[in-house]
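Taken together, the values in this text are just the output of simple stated rules run on the coordinates, not laboratory data. Fair warning: this is a prediction, and the values are worked out from it, not measured in the lab. All Cβ positions, glycine included, derive from the backbone under ideal geometry; neighbour counts span all protein chains shown.
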Amino acid sequence: MAAVGSGRRLRIGVLISGRGSNLQSLIDATKQADYPAEIGLVIANTAGAYGLERARAAGVATQVIDHTAYASRGAFETALSEALNASGCELVCLAGFMRLLTEPFVEAWWDRLINIHPSLLPAFRGLQVHERVIAYGARFTGCTVHFVRPAMDDGPIVVQAVVPVFDDDDPDRLAARVLIEEHRIYPLAVRLIAEARVRVEGARVRIAGAPRDDVSLINPRA
Ligand code: GRF
């Protein structure tokens, strides 16, 4: 993806199914004058998605593309691509989008399609993530922004944030702490991509010019 220098902003599409708090973090980021991306379109696959209200409140274009109105996944995904292309979207951000996307769609948007997942991938793919993290006794969890590949929650990792798991955590408390980090790393990942600092090399991502924090985390510390 070409750098978006000289004032041009990368145009992103955001796909949602529900609450849309990650969408909100992207909306908030794009309000900053120096943020190198703008939201061209928010698509929900259900008219009741609360994120649609967030988009409307921010004056962002919205479209409902109801998957139940299409005879096949392929037809639904063609409608998604047409809407994204028609609004000039160059990067697609999945933000709590609860439909699996098939290979043709993923291939059409190869290296231009990213997702946020509330774990440190490749650990804890899928749903009920925080329940499983706690049941497993993991001491750390976190969240991941990654390029999408055909397998679920798979693909080159752009940014991760680490969150400690405490003995008295329940899934809701842990989810809330992870969500705070999600709202930091999704706008960060989009910014890095918009600045053309992200290069996909096979299964990996290389980031140009990233400062290093050489610290180790230990939990518990005593
Ligand atoms: C987030 O936890 C995200 O990581 C996952 O789905 C949830 C969406 O939340 N993919 P929201 O709709 O952005 O509030």
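Key figures for this structure:
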{"item": "Local electrostatic count, Gly7, Cβ distance below 12 Å [Lys/Arg +1, Asp/Glu -1]", "result": "0"}
{"item": "Among Phe124, Leu41, Ile16 - extreme Cα towards positive end, dipole of the chain, charges at beta-carbon", "result": "Leu41"}
{"item": "Where only C-alpha atoms are counted, convex hull volume of the range 38-111 per residue in Å³", "result": "90"}
{"item": "Principal axis dimensions, largest first and in whole angstrom, of the chain by Cα", "result": "56, 41, 36"}
{"item": "Contact order normalised by residue count of the range 10-205, Cα under 8 Å, 6+ apart, percent", "result": "20"}
{"item": "Within the range 142-222, trypsin sites (Lys or Arg not before Pro) in DSSP loop having at most 10 other beta-carbon neighbours inside 10 Å", "result": "Arg212, Arg221"}
{"item": "Antiparallel bridge percentage (DSSP; both residues within the chain; nearest 5)", "result": "45"}
{"item": "Estimated distance in nm for a label pair at Arg139 and Ala208, the labels positioned 7 Å out from Cα along Cα-to-Cβ", "result": "3.8"}
{"item": "Helix runs (DSSP H) in the chain reaching 30 Å along axis by Cα, Kyte-Doolittle at least 0.0", "result": "171-194"}
